[in-house]
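The values are calculated or read from the model by the stated rules, or taken from the named source; none is laboratory data. Just so it is clear, the model here is predicted, and its values are computed rather than measured. Because the Cβ atoms are built from the backbone with ideal geometry, glycine has one as well, and the counts that use them run over all protein chains shown. For accessibility, only protein heavy atoms count, side chains too; no ligands or nucleic acids. Shrake-Rupley method; radii C 1.70, N 1.55, O 1.52, S 1.80 Å.
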Amino acid sequence: VAVETPADLESIGRYYDDFTQVPDADVVAALDRAARRVRTSPTGRTRAPTGRTQAATGRTPAPTAREHLFVPTDGVALEGELTVPAGALGLVVFAHGSGSSRHSPRNRHVARALEAAGLATLLVDLLSPGEEEDRSLVFDVPLLADRLVAATRRLGRHPGAHGLPVGWFGASTGAAAALWAAAEEDSPVRAIVSRGGRPDLAARRLHRVVAPTLLVVGGADEVVLGLNERARAMLRCPNDLVVVPRAGHLFAEPGAIDVVAGLACDWFTTHLGGARGPEVRRTLGS
């Protein structure tokens, strides 16, 4: 509908302060959201999302179960939120970065996308409220790694998550903790996604990581991008490095976190299901 057609229209572009082309990454994110959206039938009842979840289970999923819980580890009860879609394909545990928590809007956004793709999620704080005030603990990667493993193993005995293959989604220092923990021989993790991660903090262990690892970095986050490029050269596992154009460290730009969510969904549904993708460094939109 053309609401108004000025006589001196000339071109649409002259009416915009910014008329740059829509990046491929934004288009991919929009298509991904549409593909994963739960559709409503003419009767008003919700149907299962199309794609992997229904194909894998062969039935329409029941409502998603959410549970607030406490996970005891080394004398500290870690607070978290477990969400389990019916017929879940796997479980993704979130390791938050410095200064963040299970309430992080970006990580919660990614978690909701993973749940729509049929993956259970655990948003858990690896430090207690009192410990978070100690900045040295925020950067204590070995401690965070131990807590991540402990929470993952305890959750494996939870009725809703028992037997599910495990993935870790880490941001900033949380990504370092995930990679540190993944280097252990008995690590329970099957796939890792790092968002704006600090893999350099786990540098001496990177060559021992075997779980397929996806590194996602903002194109405007130049320092962290360099750290990830060097870290990728140390990895011996199947891996990928994806650069999101113009995104900063927090992926706060419009559409940026949607791109991260789509990439994480693809990585986890692929690798937690056993398939392996190609190793390639790429820039979205190139």
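Filtered by the rule that a residue be touching a residue at least 60 places away in the same chain (Cβ under 8 Å) and either crowded, with 21+ Cβ neighbours inside 10 Å or under 19 Å from Leu164 (Cβ atoms) (or both), segment 100-111 gives Ser100, Asn107, Val110.
Quick one: would you say Val71 is modelled with pLDDT under 85 and closer than 16 Å to Pro159 by Cα?
When the stated conditions are applied, Val71 passes them.
Looking at this structure, is Leu201 hydrophobic (A, V, I, L, M, F, W, C), touching a residue at least 12 places away in the same chain (Cβ under 8 Å) and in contact with a Ser or Thr (Cβ under 7 Å, 6 or more places away or on another chain)? Yes: the conditions hold for Leu201. Within segment 248-272, being under 20 Å from Ala231 (Cα atoms) and not in a helix (DSSP H, G or I) holds for Gly248, His249, Leu250.
Condition first: open to solvent by 40 Å² or more (accessible area, probe 1.4 Å) and either small (Gly, Ala, Ser) or within 16 Å of Asp146 (Cα to Cα) (or both). Now tell me which residues in segment 179-194 satisfy that. Let's see the steps before the verdict.
At the first step, the residues of segment 179-194 found to be open to solvent by 40 Å² or more (accessible area, probe 1.4 Å) are 184-186, 190.
Passing the criteria: Glu184, Glu185, Asp186.
Picking from residues in segment 121-137 that are aliphatic (A, V, I, L, M) and open to solvent by 10 Å² or more (accessible area, probe 1.4 Å), the one that is nearest to Glu81 (Cα to Cα) is Leu126. Within segment 192-200, identify whether any single residue is at pLDDT below 95 and either hydroxyl-bearing (Ser, Thr, Tyr) or in contact with a Cys (Cβ under 8 Å, 6 or more places away or on another chain) (or both), and answer yes or no. No - not one qualifying residue is present in segment 192-200. Suppose we keep only residues that are at pLDDT 90 or above and within 22 Å of Gly273 (Cβ to Cβ) within segment 77-87. Which one would you say is surrounded by the most Cβ atoms within 10 Å (Cβ to Cβ)? This residue is Pro85.
Residues in segment 40-63: is at least one among the basic types (Lys, Arg), at pLDDT 50 or above and farther than 16 Å from Asp125 by Cα? Within segment 40-63, none of the residues are among the basic types (Lys, Arg), at pLDDT 50 or above and farther than 16 Å from Asp125 by Cα. Of the residues making up segment 257-271, none is touching a strand residue (DSSP E or B) at 6+ places or on another chain (Cβ under 7 Å), over 16 Å from Pro142 (Cβ atoms), open to solvent by less than 20 Å² (accessible area, probe 1.4 Å) and of a type in the set (S, T, N, Q). If you take the residues in segment 159-168 that are part of a loop (DSSP other than H, G, I, E, B) and in contact with a strand residue (DSSP E or B) (Cβ under 7 Å, 6 or more places away or on another chain), which one is least open to solvent (accessible area, probe 1.4 Å)? Among them, the one singled out is Ala161. Within segment 148-158, the set of residues being surrounded by 21 or more Cβ atoms within 10 Å (Cβ to Cβ) and more than 16 Å from Trp180 (Cβ to Cβ) comprises Leu155 only. Filtered by the rule that a residue be in a strand (DSSP E or B) and modelled with pLDDT under 95, segment 201-247 gives no residues.
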